[in-house]
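Structure first, then comments.
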Amino acid sequence: MQEFFENVIETLQENIRELSMEIDNPIVFSELAIKLSLDTLSELKKYVLEHPFQNIEDEIWFFKNAKPKILSKLIYHNSVFRIETKKPNGGEKIIRKYYEAQLAKLKNYFEDNLEFYKYYRTGSTYLDEHYFVRGKYNIKLSLDTYFFESDHSFTTSHDYKVAKIIANDQLQVYLENELTNLYKTHSREEKAVLWSSLKWTAPKVSLIELLYALHAEGVFNNGAVDLKEVAESFEKMFNIDLGQFHRVFLEIRIRKSSKTKFLDNLKETLVKRMDDADEN
């Protein structure tokens, strides 16, 4: 049973990872990731209700480990969607203040649930039968309102809290990265003179795929140039922040679809244009 759950989790993570490589807009991406997460949770619930746990240890493992990993995706992407759709229009200072306020909310949740954070972070188990078994709850154990509104056939008193902790960790990284990007963008606007009016409007992953292909072919400086230098030149030329392009390249290498999707499309488009020109 654990193998089934782990495969479901891995599939969801892979689908979201591939989605992130194709969509740069955080609102559109989050909306689609929310749907993927909801569909996976629905699949998981159906399986759990049709296949009873063989023992209490399996039930605890599921609600402490498996379900929170999927539920955390829903919480995280819903939080990003909410934050980005409510982000105020304004300059760098206004947006920075907004993101910092969101970070403060994460800190408040941490302080309000400090005891459970300690329990979960230290790998404690002595209260697992109260926290992660259905039908067992104690109103004195700091329950979220979510628990009382949920379907208790698929919810324990604290599986949501575990998911919330995982999601908040991811959300903190997201917000801190956005603050860093704000600084980079502000500095670039102040110091850099754009090389042209060209702006890259295709997915960022496509430019990274092209970047690696050109660098591998050695077309710049007879091949005697560092990849990072080429990436920085692309960023200035196309007014774009490529971020952690090394990590994106790793994801390109392991994606299930074509590893050279953008280059394949380029070739097909160019050949079609040549054929059309021949006909005319």
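The values are calculated or read from the model by the stated rules, or taken from the named source; none is laboratory data. The structure displayed is predicted, hence computed values, not measured ones. Using ideal geometry, Cβ is built from the backbone for each residue, glycine included, and neighbour counts are taken over all protein chains shown. Calculation scope for accessible area: heavy atoms of the full protein, side chains included, ligands and nucleic acids excluded. Shrake-Rupley method; radii C 1.70, N 1.55, O 1.52, S 1.80 Å.
Key figures
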read-out: Test for F4: is it loosely packed, with under 14 Cβ neighbours inside 10 Å, touching a residue at least 12 places away in the same chain (Cβ under 8 Å) and closer than 15 Å to N65 by Cβ; value: yes
read-out: Selection from segment 242-265 of residues that are in contact (Cβ under 8 Å) with a residue 24 or more places away in the chain, on the phi < 0 side of the Ramachandran plot, surrounded by 12 or more Cβ atoms within 10 Å (Cβ to Cβ) and of a type outside the set (S, T, N, Q); value: L242, F245, V248, F249, E251, I252, R255, K261, F262, L263
read-out: Candidates E22, E14, E18, E31, filtered to the one that is surrounded by 13 or more Cβ atoms within 10 Å (Cβ to Cβ), closer than 28 Å to F245 by Cβ, in contact with an Asp or Glu (Cβ under 9 Å, 6 or more places away or on another chain) and of a type in the set (D, E, K, R); value: E18
read-out: Subset of segment 124-143 [among the hydrophobic types (A, V, I, L, M, F, W, C) and either loosely packed, with under 12 Cβ neighbours inside 10 Å or at pLDDT 80 or above (or both)]; value: L127, F132, V133, I139
read-out: Enumerated helices (runs of 4 or more DSSP H) restricted to segment 1-67, each holding at least 3 residues that are β-branched (V, I, T); value: 2-22, 26-50
read-out: Among the candidates N239, N181, residue that is outside the structural domain of N265 (by the TED database), modelled with pLDDT under 90, surrounded by 12 or more Cβ atoms within 10 Å (Cβ to Cβ) and closer than 30 Å to K259 by Cα; value: N181
read-out: Residue match in segment 144-159 (condition: over 30 Å from K259 (Cα atoms), modelled with pLDDT of 90 or more and open to solvent by 40 Å² or more (accessible area, probe 1.4 Å)); value: yes
